[in-house]
Structure formats: structure tokens, C-alpha cells
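Worksheet for the structure shown next.
A short reminder: the numbers here are calculations on the coordinates, not readings from a lab. No experiment lies behind these values; they were computed from the predicted model shown. Counting neighbours? That spans all protein chains shown, and the Cβs are built from the backbone with ideal geometry, glycine included.
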Amino acid sequence: MLLNTLAILQHLPVTLLIFCRILFAIHVMPITLEAKIPAIFKAGLSLFLTLIVYNTVPVQLDVTHLSIVGYFIWVIKECIVGLVLGFAVSLFFQLYHFVGQMISMQGGLSMSNLFDPTSGTQTPLIGRFYYLAFSTLFVASGGFHWFIRGLVESFQMIPVTQAVFSEELVFTMIQAGSIFFELSFKLASPIIGVIFIVDCGLGILARTVPQMNMFVIGIPLKVVILLVLLFITVGLMPVYNTFLNDYIMEIFYSVQQGMVPR
């Protein structure tokens, strides 16, 4: 191990390129993006994975005749590769924030926002609940280990400095965006549909009994129904997690295919 460490120090420019890709990919992951996770932990994890990659994946790169500007371009390129890989996974974590925002607006809880330390913005209460629940299920089901393994294996598919940002990559990212909105509406539509029916019933009741104050009765009723629906859907979250993990894996490897050198 000592000899390997000395070899890494001798090949520090190559090691730094590996470190940049891993660090930026881990940094944009929502799980590690939380403010409570110190930066030294992310750097330490990235350095540990860099040692693994260097000792398991053959990396042959000659930087002796490379200028500082050329090497800096390589560093930027590896950082972009890491950001793209991390974003492909983190996009689907934001899905639950979007679903929670749609449900909150329809259910009368749009004003009940919480401060999100991840993004530094106000997020809906329901969206934050869904996000934390999915993050827990993602880690418990081995999703984070899968991400780390896929990140290490990316150096076999996309050698250092040889990534190509092709049209296939752009198409994959557009496809990921369309899947994001499609799944968001699919997950939110049952609850939104029930609340819409309740709104229609309250509208008919308001026309039938004009003396009844719909604001006093309607808003608490919608909140109670919304909480009941959330209680019902909590039991289905493991199914959603398995279903969503399949999409995450598919997009993650499709993004890698879009950067494979031709």
C-alpha cells in the first residue's frame, strides 16, 4: 500500500483528475449536499475513492509535455463529467420537491413552507417530507452504494480526459427532463384528483347552501383529507422507491454512454 501511495504521489496530476470527477459527482448528490455534512467528509470520501480507482482501474496518461493551460482544461473537463453524472441522479431527488409543491398548492398548504438547508430556499412541507423519506429509502436499499460503484466503474467506460459530450448526451438529458415531469404528474395526480373532487363537492355545496362559509369548512376539510391521503401513500413509498431507482439507473448509464469516446 505504501508503494501504491508513493506511486500516486509521483503521478499526482493524473490522480488530481480522478479526484476532481469523483468530488464534483459526490458534491451535487442531494444526500451529501446537506449543510450538516462537512466538506472534509466529502473530500475524504472522494480521496478514498480516488485511491480505489487508481489501484483498480488502469489509467495511462502522459502529462509531461502538457502545458498548464492544457492541464487546466482537462481538470475542467473532468469536473464537468462529475457534475453531469451527479446531476443525472440528483434530478430525480428533486422530483419529490416538485410533487410536494403541486400537492401543497392544490391542498391549501402552499404557505406552509420550510427552510431547506440544501438549496437555501423555502420548500413545501410535503415536498420536504417526501424528499427525506425517499432519501432514507434510497440509502437503506443500497442506492448510495450503487451510485458509488457506478461512479468508480465510470472510469472504465469513460477514461480520464477522454469524455465526449455528444448529441446522445444532450438527448439523454432531455429525455431525463421529460421523465422527470411525467413521473411527477403520475405521482401527484391521484392526490390532486381527489382534492379536485372535494373542491367540486364544496362548490356544489356552496351553491346549494349559500349561508355556509366555505372558507371555514373547506380549508380544514381539505387539509384533513390531504393528511389521510398522505398517510395512505406512505405505505406505497417502497414501491415508488423501487420504481424510481430503475429510472435512475437507466438514466445514469445512458448519460455515461453519451460521454463514451467514439
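Residue-wise, which Karplus ³J(HN,Hα) couplings in Hz belong to segment 170-180, taking 6.51 cos²θ - 1.76 cosθ + 1.60, θ = phi - 60°, and x for glycine or proline?
4, 4, 5, 5, 5, 4, 4, x, 5, 5, 4
If the only charges are +1 at each Lys and Arg Cβ and -1 at each Asp and Glu Cβ, what is the size of the charge dipole of the chain around the Cα centre, to the nearest 20 debye?
Here the chain has a charge dipole of around 420 debye.
Over all directions, the average projected area of the alpha-carbon convex hull for segment 150-262 comes to how many nm²?
Mean orientational projected area (segment 150-262, Cα hull): 10.0 nm².
To test your reading of the geometry: what angle, between 0 and 90 degrees and rounded to tens, separates the Cα axis of helix 143-157 from the longest principal axis of the chain?
40
Report, in deg cm²/dmol and to the nearest 500, the calculated mean residue ellipticity at 222 nm for the chain, where each DSSP H run with n ≥ 4 adds -39500 (n - 2.57) and the sum is divided by the residue count.
Helix contribution divided over all residues of the chain: -26500 deg cm²/dmol.
Over all pairs of distinct alpha carbons, what does the Kirkwood formula give as the hydrodynamic radius of segment 2-258, in Å?
Taking every pair of different Cα atoms in segment 2-258, averaging 1/r and inverting gives 20.9 Å.
Between the helical axis of 125-140 and the dominant principal axis of the chain, each derived from Cα atoms, what acute angle in degrees is found, rounded to the nearest 10?
For helix 125-140, the angle is close to 40 degrees.
Please list 95-103, 17-25, 254-262 highest first by mean number of surrounding beta-carbon atoms within 10 Å per residue.
Highest-to-lowest ranking by the protection proxy: 17-25, 95-103, 254-262.
If you take the charge dipole of the chain about its Cα centre, with +1 on Lys and Arg Cβ and -1 on Asp and Glu Cβ, which of VAL194, VAL14, LEU95 is farthest toward its positive end?
The Cα lying farthest towards the positive end belongs to VAL194.
Note the full-extension length gain between LEU83 and GLN175 as 0.36 nm times their separation in residues minus their Cα-Cα distance, in nm to one decimal.
31.4 nm
What percent do you get for the relative contact order of the chain when only Cα pairs under 8 Å and 6+ apart count?
25
Take the Cβ-Cβ distance between VAL223 and PHE185 as r, set R0 to 25 Å, and report the resulting FRET efficiency rounded to the nearest 0.05.
After rounding to 0.05, the efficiency reads 0.65.
Place +1 on the Cβ of every Lys and Arg and -1 on the Cβ of every Asp and Glu in the chain, take the dipole about the Cα centre, and give the residue among SER166, PRO220, VAL152 whose Cα lies farthest towards its positive end.
PRO220
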